[in-house]
Amino acid sequence: MENYKNSNELRPGVTIVEDIYANTAFPIIRKGTILEIEHLEVLDLFNIKKVKVEERIVNRVQTEQREIGKTDMISSDIDKLLENKISRSSDLHTMYKKAVDDYKREFTSWRSGVKVDIAKVRLLIMPLLETYMEHKKMLIMLNEYSNRKEYLYHHAVSVGLLTAALATELNYPKGTTLQLGLAGTLTDCGMAKVSPALLEKAAFLTKDEFTEVKKHPIFSYQMMQDSPLLRQEMKLAVLQHHERLDGSGYPRGDQGEKVSQLSQILAVADVFHAMTCERVYRAKESPYRVAEMMKEEDFGKFDPKILDALYEVIGMPSIDDKVLLTNGDVGKVVSVNHNYPLRPNVKLQGRDEVVDLTTNRTIAIEKVVN
């Protein structure tokens, strides 16, 4: 028997009997699909309230157990399955890597002239945004996932995640947070219109080459401006994500109140991830050192409230945390300096020596290794 069911009443094993659209050219779920947990998440993310289904439940317990067994979550109770969340770092990394691969495919198509399908980008990033919101401590590892060869694709996904995390820390409503995370993922889509040779050049760019690269925020804006799936203020934020409060940014040199706070959130996420990753022309930096540099050395460029939120997102070291320092030493945090929360006092492992990172400015925390 076929009838319409509310999405919150659905369970894995139910068969969809008509294509489901969500302001998209293609169905987000096709007719004949047997629902799995991932499909339920998609329906929730696209705010689909009712779907037409076949009442008969397909027995998928053995299939589900095989899949769930891969992540050490074996259970035959479907209601419990729905409550389970991906929590291990390996599971998160797998989910993250799939999003990067999906984004790479989209970016490659944009390079060949295909129009940006924001619905597809939303579909690849939204489940990841939802998951990382529940596992914020994993955000500090994003720079470790990236690699020099595929930096552009890792950067897009990571900026989306960091942007949503910052917006959450700043108490934006969830709807705005998810929209901003989507905008963060799309900030550099305009790079598809820049010569690949410039993006992969290991040497410093010439003035003319840099001028060309600096057009990418305009290209990004143009590529998404006709889509109803992204709010206008998000599109403006993408256009402005390289503007700075002191007027030193581009493409227009906007400053002060002309630079929206949404664009500032994108900017902080963009710069933080870029500086912590290995690039074709330089090595990566410690996330803690980068956050500190953005607050101290780039004073006046970024909104201090957003930088405070960045400190919270990456997590400030606590007493008894085991840390790796940038000089290779390992130690334990024995006390914190409240004026410099990223520069605690660290007792070195196997030695009686305590390093005060506020006075040893050449050393910083590389990572917390608890």
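The values are calculated or read from the model by the stated rules, or taken from the named source; none is laboratory data. Fair warning: this is a prediction, and the values are worked out from it, not measured in the lab. We place every Cβ from the backbone using ideal geometry, glycine too, and count neighbours over all the protein chains shown. The area values use the complete protein model at the heavy-atom level, side chains included, leaving out ligands, DNA and RNA. Shrake-Rupley method; radii C 1.70, N 1.55, O 1.52, S 1.80 Å.
Does Pro217 meet the test of being farther than 24 Å from Lys136 by Cα and modelled with pLDDT of 95 or more?
On the way: farther than 24 Å from Lys136 by Cα: yes; modelled with pLDDT of 95 or more: yes.
Spelling it out, Pro217 is indeed farther than 24 Å from Lys136 by Cα and modelled with pLDDT of 95 or more.
For every residue, the table says whether it meets (1) under 18 Å from the mean Cα position of the chain (by Cα); (2) open to solvent by 30 Å² or more (accessible area, probe 1.4 Å).
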{"residue": "Val238", "(1), (2)": "yes, no"}
{"residue": "Tyr250", "(1), (2)": "no, yes"}
{"residue": "Val259", "(1), (2)": "no, no"}
{"residue": "Pro287", "(1), (2)": "yes, no"}
{"residue": "Lys295", "(1), (2)": "no, yes"}
{"residue": "Gly300", "(1), (2)": "no, yes"}
{"residue": "Pro304", "(1), (2)": "no, yes"}
{"residue": "Leu310", "(1), (2)": "yes, no"}
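What pairs come out if I take residues in region 175-203 that are part of a helix (DSSP H, G or I) and pair them with residues that are open to solvent by 20 Å² or more (accessible area, probe 1.4 Å) and of a type in the set (Lys, Arg) whose C-beta lies under 6 Å away, six or more apart or interchain?
Gln179/Arg231; Leu182/Arg122; Ala192/Arg111
Can you report the number of residues in region 13-33 which are surrounded by 14 or more Cβ atoms within 10 Å (Cβ to Cβ) and at pLDDT below 75?
So in region 13-33, the residues surrounded by 14 or more Cβ atoms within 10 Å (Cβ to Cβ) come out as 13-22, 24, 27-29, 33.
If we keep only those that are at pLDDT below 75 as well, we get 22, 24, 27-28.
So the answer is 4.
Does any residue in region 309-335 that is at negative phi come within less than 7 Å, Cβ to Cβ, of a residue that is in a strand (DSSP E or B) and acidic (Asp, Glu) six or more places away or on a different chain, and which pairs are these?
From region 309-335, the pairs are Leu324/Glu366; Leu325/Glu366; Thr326/Glu366.
Looking at (1) modelled with pLDDT of 95 or more; (2) under 30 Å from Gln240 (Cα atoms), which is the only condition Val346 fails?
Only one criterion in (1) modelled with pLDDT of 95 or more; (2) under 30 Å from Gln240 (Cα atoms) is unmet by Val346, namely (2).
Determine whether Arg351 is of a type in the set (Lys, Arg), more than 16 Å from Leu166 (Cβ to Cβ) and within 23 Å of the chain's Cα centre (by Cα). Write out each step before concluding.
Details: of a type in the set (Lys, Arg): yes; more than 16 Å from Leu166 (Cβ to Cβ): yes; within 23 Å of the chain's Cα centre (by Cα): no.
No, not satisfied.
Looking at the structure I just gave you, is Thr211 under 28 Å from His93 (Cβ atoms) and either without any contact (Cβ under 8 Å) to a residue 40 or more places away in the chain or in a loop (DSSP other than H, G, I, E, B) (or both)? Let's see the steps before the verdict.
Numbers: under 28 Å from His93 (Cβ atoms): no; either without any contact (Cβ under 8 Å) to a residue 40 or more places away in the chain or in a loop (DSSP other than H, G, I, E, B) (or both): yes.
No.
Evaluate the following for Ala274: is it open to solvent by 40 Å² or more (accessible area, probe 1.4 Å) and small (Gly, Ala, Ser)? Step through it out loud before you land on a result.
Working: open to solvent by 40 Å² or more (accessible area, probe 1.4 Å): no; small (Gly, Ala, Ser): yes.
Judged against the criteria, Ala274 is not a match.
Could you give every pair whose Cβ atoms fall below 6 Å, whose first residue belongs to region 338-365 and is loosely packed, with under 14 Cβ neighbours inside 10 Å, and whose second residue is small (Gly, Ala, Ser), counting only separations of at least 6 or pairs across chains?
Partner pairs satisfying both residue conditions: Gln349/Gly331.
Check Leu199, Leu170, Leu180 and return the single one that is over 12 Å from the mean Cα position of the chain (by Cα), under 23 Å from Lys115 (Cα atoms) and of a type in the set (A, V, I, L, M).
Details: Leu170 fails: under 23 Å from Lys115 (Cα atoms); Leu180 fails: over 12 Å from the mean Cα position of the chain (by Cα).
Just one listed residue meets the conditions, Leu199.
Look at Val157 and say whether it is modelled with pLDDT of 95 or more, surrounded by 17 or more Cβ atoms within 10 Å (Cβ to Cβ) and either of a type in the set (Ser, Thr, Tyr) or within 11 Å of the chain's Cα centre (by Cα) (or both). Step through it out loud before you land on a result.
Numbers: modelled with pLDDT of 95 or more: yes; surrounded by 17 or more Cβ atoms within 10 Å (Cβ to Cβ): yes; either of a type in the set (Ser, Thr, Tyr) or within 11 Å of the chain's Cα centre (by Cα) (or both): yes.
So Val157 fits the description; yes.
Quick test for you: out of Glu64, Glu106, pick the one residue that is surrounded by 15 or more Cβ atoms within 10 Å (Cβ to Cβ), in a helix (DSSP H, G or I) and at pLDDT below 50. Break it down stepwise before answering.
On the way: Glu106 fails: at pLDDT below 50.
Of Glu64, Glu106, the one residue that is surrounded by 15 or more Cβ atoms within 10 Å (Cβ to Cβ), in a helix (DSSP H, G or I) and at pLDDT below 50 is Glu64.
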